[in-house]
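Structure first, commentary second.
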Amino acid sequence: MWGICRKTAVGMAKACGLVRPQHFVKPVSVTRVSGRYRSHQQGLPTLPVPPLQQTCERYIAALEPITDVDDLRHTKKLVEEFQKTGGIGERLQRSLEKRARRAENWLSDWWVQVAYLEYRMPVVVHSSPGLVLPRRTFSDQKDQIRFAAKLIAGVLDFKTMIDNETLPVEYMGGKPLCMNQYYEVLSSCRIPGLKRDSVVNHAKSSPPPRHITVVHNFQFFELDVYNRDGSPLTVEQLHVQLERICRAAAEPSAEPVGILTTMHRDSWGKAYLNLIKDKVNKDSVSIIQRSIFTLCLDGAKPQVTEETHRSNAATQMLHGGGSLQHSGNRWFDKTLQFIVGQDGSCGANYEHAPAEGPPIVALIDHVVEFTRRAEAAESPTSSLPVPQKLLFNITPDIKEDIEEAKRSMDKLAQDLDMKVMVFEHFGKNVPKMYKMSPDAFIQMALQLAYYRMYQSCCPTYESASLRMFRRGRTDTIRSASTASASFVKAFDDPGKQNTVKRDLMEKAVQAHRSYTNIAISGQAIDRHLLGLKMQAAEEDLSVPAIFTDPAYAKALHYQLSTSQVPSKTDCVMCFGPVVPNGYGVCYNPMEDHINFAVSSFNSCKETNAGRLAEAVQDALLDMKILLEKTPKSKL
Ligand code: COA
């Protein structure tokens with residue numbers, strides 16, 4: 001099937017699906033393989049431009065379950081006009097095809113600009129996902145630091161595979177995937193701008209960075225993680241260095257300068273220019289930006305019950321809990337931040353522009369496995385340079401910006417409702433037993449849950465990987481389909497027989513899996529439509545009417561924004577809703593249970609993360625019951 005699996009050196013020759021990914025990612029070679037990454041990338045196909053007519057037909061089909069009849073009739077006319085022979089659609093399509101012949105990927109640069117760098121809402125909650133790892137038990141700060149030291153060593157172990165180009169290639173449905181995102185997540189950082197941000201990647205600079213940033217009690221430190229001979233510091237060495245940092249930052253800093261990175265991007269763009277006017281500040285910021293990654297050692301936080309712990313940990317990873325908790329103990333522009341809390345809450349936060357969730361999770365799976373390894377006996381550590389505290393001169397203007405950032409961050413933290421739910425009744429095993437795609441089954445449960453709450457279907461986004469193509473990112477699987485609408489409408493209808501309901505369920509699941517296959521092979525509609533719109537802007541043409549049509553805006557108003565991020569570790573990724581009256585739903589289907597993180601905004605009276613999570617649980621159970629008690633129909 002299409003599941004992403006990581007092929008090892010051992011499994012390379014076997015077909016995908018037959019190979020169980022090994023638990024611990026092992027390099028394909030123990031020594032550097034120069035040029036391997038490049039030749040792999042060059043062998044990948046380029047992203048196709050789908051045929052215009054196909055996209056237009058599929059666009060209309062996608063609108064059917066979410067648009068009323070009159071609006072749809074109007075949109076059909078606009079689409080006909082757009083795609084007619086000699087029309088604007090044909091012209092844009094030709095230009096797009098030309099662009100695709102020239103570019104490595106006709107979409108990716110546009111996508112990164114539009115979806116991330118020109119998106120001005122704070123990266124916190126609105127763009128950067130969090131990741132919650134299983135809770136650790138720390139009896140004291142020494143335990144916390146020991147785990148953090150192992151975690152750093154685990155990331156450096158993974159980094160060696162990236163540096164040596166020995167990272168095993170991943171496959172989906174037997175096809176090799178683009179590995180570019182792995183080369184973008186370390187030593188990189190987002191830089192705020194006045195109208196648009198940028199991303200810098202220092203991994204290829206000479207010499208490459210050798211340090212990470214550690215932040216504790218809102219104070220930043222530069223920690224060199226390599227010895228003079230180029231070997232990574234050992235766990236013991238890292239432990240000693242982290243202890244030094246914790247001693248040096250035993251009291252919280254008066255000014256949590258990191259909280260500036262939680263601001264609206266326009267405000268942060270302005271505040272940033274002001275901050276780096278000062279040479280000391282500029283140097284400190286540059287050290288953070290250049291660092292391989294950030295480690296956030298969080299202090300204590302208010303006790304919560306075991307039941308609310310996971311949801312609470314999710315907000316800690318997603319936004320830090322506000323200015324009185326850990327939001328200032330971050331640099332949210334940093335691509336990768338690992339978080340280790342004093343109470344055993346652990347996880348990560350990542351800035352989305354350079355990569356999607358799966359490569360981040362693959363790295364984290366490796367790190368988690370690494371931390372479980374028995375520790376090798378180490379000889380006493382020789383003297384190491386003292387980690388340098390990064391200094392900031394806080395002028396009254398900067399102080400004002402920090403206060404402003406605290407206020408807006410606290411408002412955002414208050415507004416976010418997060419519910420992490422472990423669905424324990426079954427996992428991928430049940431849909432597989434009924435020969436259904438587990439992902440499609442879960443998506444249909446989400447559709448049913450939403451319909452039960454609102455008696456309507458809503459535009460739904462699920463990310464589909466485009467990594468079969470060189471520098472591929474994502475397209476949209478539109479989970480609300482004509483088939484899903486028929487299924488959810490029939491499900492609780494007492495007038496419908498169970499055999500009919502089961503048949504509709506199977507058709508809906510199948511339709512979802514078919515759309516998934518369409519999306520991952522570069523034939524979905526959303527990025528193509530975006531490309532046509534971008535092309536019109538590129539050629540200074542007026543925006544074609546299909547893009548100013550209210551139906552287009554409606555189609556992009558994703559009240560359900562969802563994503564599957566699978567992992568070997570029993571963890572869950574989380575993110576915020578993408579519209580004020582919507583939900584963010586991330587899930588990790590394990591074999592016998594499913595981890596969900598559901599978010600909504602408290603300021604919207606119509607949404608409630610906990611209620612949707614419950615409705616999803618009920619929908620999954622009811623769908624299973626229907627399968628159990630109803631023979632497969634012969635319709
Ligand atoms: N019968 C039995 N088993 C089936 C089946 C069927 N009809 N259909 C699928 N399966 C099995 C698969 O073989 C696979 O097995 P595995 O657990 O041994 O690997 C498993 O069920 C999962 O398959 P499925 O549920 O269909 O999902 P998928 O793994 O193909 O994933 C997507 C679907 C859309 C999530 C994936 O293609 C994708 O694009 N992922 C990237 C998403 C992304 O980037 N997210 C992050 C955004 S930040």
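Data table
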quantity	calculated
Selection from region 38-84 of residues that are more than 22 Å from TYR450 (Cβ to Cβ) and of a type in the set (Ser, Thr, Tyr)	SER39, THR46, THR55, THR75
Residue that is closer than 25 Å to LEU627 by Cα, aliphatic (A, V, I, L, M) and out of contact with any Ser or Thr (no Cβ under 6 Å at 6 or more places or on another chain), where the choices are VAL585, VAL565, VAL509, VAL543	VAL509
Exclusive hit being in a loop (DSSP other than H, G, I, E, B), touching a His at 6+ places or on another chain (Cβ under 8 Å) and not acidic (Asp, Glu), set GLY328, GLY320	GLY320
Of all residues in region 63-88 being among the hydroxyl-bearing types (Ser, Thr, Tyr) and outside any helix (DSSP H, G or I), the one that is farthest from THR460 (Cα to Cα)	THR85
Which numbered condition ASP492 misses (of (1) surrounded by fewer than 18 Cβ atoms within 10 Å (Cβ to Cβ); (2) in contact (Cβ under 8 Å) with a residue 40 or more places away in the chain; (3) closer than 16 Å to ALA440 by Cα)	(3)
Residues of region 162-187 classified as of a type in the set (A, V, I, L, M, F, W, C), within 16 Å of the ligand (Cβ to nearest atom), buried (at least 20 other Cβ atoms within 10 Å of the Cβ) and more than 14 Å from THR294 (Cα to Cα), total	3
Residue match in region 436-446 (condition: more than 16 Å from the ligand (Cβ to nearest atom), hydrophobic (A, V, I, L, M, F, W, C) and within 25 Å of the chain's Cα centre (by Cα))	no
Condition met for ILE477 (assigned to a strand (DSSP E or B) and either free of Cβ contacts under 8 Å to residues at least 40 places away in the same chain or within 16 Å of the ligand (Cβ to nearest atom) (or both))	yes
Whichever residue in region 445-471 is among the small types (Gly, Ala, Ser) and in contact with a helix residue (DSSP H, G or I) (Cβ under 7 Å, 6 or more places away or on another chain) and, among such residues, is nearest to VAL578 (Cα to Cα)	ALA464
Failed item in (1) in a loop (DSSP other than H, G, I, E, B); (2) under 18 Å from the mean Cα position of the chain (by Cα), with THR137 passing the rest	(2)
Evaluation of ASP618 against (1) within 25 Å of LYS489 (Cα to Cα); (2) more than 14 Å from the ligand (Cβ to nearest atom); (3) in a loop (DSSP other than H, G, I, E, B) (one fails), failing number	(3)
Some residue of region 109-118 being assigned to a loop (DSSP other than H, G, I, E, B) and closer than 30 Å to GLN535 by Cα	yes
Residue in region 296-307 that is farther than 16 Å from VAL257 by Cα, touching a strand residue (DSSP E or B) at 6+ places or on another chain (Cβ under 7 Å) and buried (at least 24 other Cβ atoms within 10 Å of the Cβ) present	no
All positions within region 411-435 that are farther than 26 Å from ASN517 by Cβ and either within 16 Å of the ligand (Cβ to nearest atom) or surrounded by 19 or more Cβ atoms within 10 Å (Cβ to Cβ) (or both)	LEU412, ALA413, LEU416, ASP417, MET418, LYS419, VAL420, MET421
Exclusive hit being surrounded by fewer than 18 Cβ atoms within 10 Å (Cβ to Cβ) and within 16 Å of the ligand (Cβ to nearest atom), set ASP570, ASP540, ASP526	ASP570
Residue satisfying condition, being surrounded by 22 or more Cβ atoms within 10 Å (Cβ to Cβ) and among the basic types (Lys, Arg), within set ARG190, ARG102, ARG136	ARG190
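Yes/no matrix, rows are residues, columns are (1) assigned to a helix (DSSP H, G or I); (2) surrounded by fewer than 22 Cβ atoms within 10 Å (Cβ to Cβ); (3) within 15 Å of the ligand (Cβ to nearest atom); (4) among the hydroxyl-bearing types (Ser, Thr, Tyr):
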| residue | (1), (2), (3), (4) |
| --- | --- |
| GLY344 | no, yes, no, no |
| HIS352 | no, yes, yes, no |
| ALA355 | no, yes, yes, no |
| LEU363 | yes, no, yes, no |
| HIS366 | yes, no, no, no |
| GLU369 | yes, yes, no, no |
| ALA376 | no, yes, no, no |
| SER383 | no, yes, no, yes |
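Throughout, read-outs are computed from the coordinates displayed, never taken from laboratory work. As the structure is a computational prediction, the values presented were derived from the model and not from experiment. Note: ideal-geometry Cβ built from the backbone for every residue, glycine included; neighbour counts use all protein chains shown.
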